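S.K.: Can you keep this structure in mind? I'll have questions shortly.
The values are calculated or read from the model by the stated rules, or taken from the named source; none is laboratory data. What you are looking at is a predicted structure, and each value in this text was computed from that prediction instead of being measured. With ideal geometry, Cβ positions are generated from the backbone for all residues, glycine too; neighbour counts draw on all protein chains shown. Surface accessibility is based on the protein's heavy atoms, side chains included, excluding ligands, DNA and RNA. Shrake-Rupley method; radii C 1.70, N 1.55, O 1.52, S 1.80 Å.
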Amino acid sequence: AWTPPHGPTYANWNSDFTEERFTAEIIRHDLVDPRMRVRPNPVEVERAAQLLVDARRPLLIVGDEIYKAKAFDKVVQLAELLALPVAQARSVHANFPQQHPLWIGNMPAVRVESLSYPGGEPDLVINIGNKLQHNSTALTVPRRTPFIDMRNDSASIGNVMTTAAPLVADVAYGTEDLLAAVNDRLTPALKARIA
């Protein structure tokens, strides 16, 4: 239950043992970190960083892996560094401060087109930690828009939407690596354009 994709857990035992007494060690959860803490492929990080600095109207979609990986501050830092408008689709947790000036809201129809995006349609979408579950034939991100997907679920990245830079990673590590790669590319001219 604790490891991606965080699906339901099924436990089964024989009814003969229902009335039995036994002794077992209780493992404190705060002493165990079963998350798959993997870093993204450095080649894909470099590709994603270049796509981000080249974009004129990027959009960031956030999801619950941010909460689970305790990556909240890093994601805010990335959004602020690149002035990324931020949206969320079908999540349990608030994964970005909704009072933040870059917050543009939830995606009403789980599609980028359903947002009131500043300046027209985005020319790049990056997803950090959202599985983006589709409930119709309409894609969350249209195929014409380059898409960066960062999640710790390698089995589903690229299954539905074409991904320009697949970043299979713990999103805390992935965002950290992406921040470093983006910072390496930020020239004074780029900083002025982003500002």
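S.K.: Any idea of the accessible area per residue across segment 19-96, 1.4 Å probe, to the nearest Å²?
M.R.: On the way: 4820 Å² over 78 residues.
Heavy-atom accessible area per residue stands at 62 Å².
S.K.: Right, next: Among the trypsin sites (Lys or Arg not before Pro) within segment 126-184, which fall in a DSSP loop and have no more than 15 other Cβ atoms within 10 Å of their own Cβ?
M.R.: Details: sites: LYS131, ARG143, ARG144, ARG151; in loops: LYS131, ARG143, ARG144.
Within segment 126-184, the qualifying trypsin sites (Lys or Arg not before Pro) (loop, at most 15 other Cβ atoms within 10 Å) are ARG143, ARG144.
S.K.: A follow-up question, please. Would you please give the FRET efficiency between GLN98 and ALA195, computed as 1/(1 + (r/R0)^6) with r the Cβ-Cβ distance and R0 = 22 Å, to the nearest 0.05?
M.R.: Values: r = 23 Å, r/R0 = 1.06.
So the FRET efficiency works out to roughly 0.40.
S.K.: Between GLU25 and GLU46, how high is the FRET efficiency from 1/(1 + (r/R0)^6) when r is the Cβ-Cβ distance and R₀ = 35 Å? Nearest 0.05.
M.R.: With a Förster radius of 35 Å, E is 0.20.
S.K.: Right, something else. Starting from the Cα of ASN159, step 7 Å along the direction of its Cβ; do the same at ASP123; then give the gap between the two resulting points in nm.
M.R.: About 3.3 nm separates the two model spin labels.
S.K.: Let me ask something else. Hey, which aspartates and glutamates would be in cross-link range of LYS68, C-alpha to C-alpha under 15 Å, not counting anything within fewer than 8 residues on its own chain?
M.R.: Output for LYS68: ASP30, ASP33, ASP153, ASP170.
S.K.: Oh, and also: Hey, quick one: spin label on SER116, modelled 7 Å out along Cα-Cβ, who in segment 47-80 has an amide N within reach, i.e. under 14 Å?
M.R.: None, by backbone N distance to the label point.
S.K.: Taking all protein chains in place and a 1.4 Å probe, what share, in percent, of the accessible surface of the chain do carbon and sulfur account for?
M.R.: 52
S.K.: Starting from the Cα of THR187, step 7 Å along the direction of its Cβ; do the same at LEU81; then give the gap between the two resulting points in nm.
M.R.: 1.9
S.K.: Now for a separate question. Measure off 7 Å from each Cα along the Cα-to-Cβ vector at THR18 and THR137, then give the distance between these two points in nanometres to one decimal.
M.R.: If labels sit at THR18 and THR137, their model points lie 4.9 nm apart.
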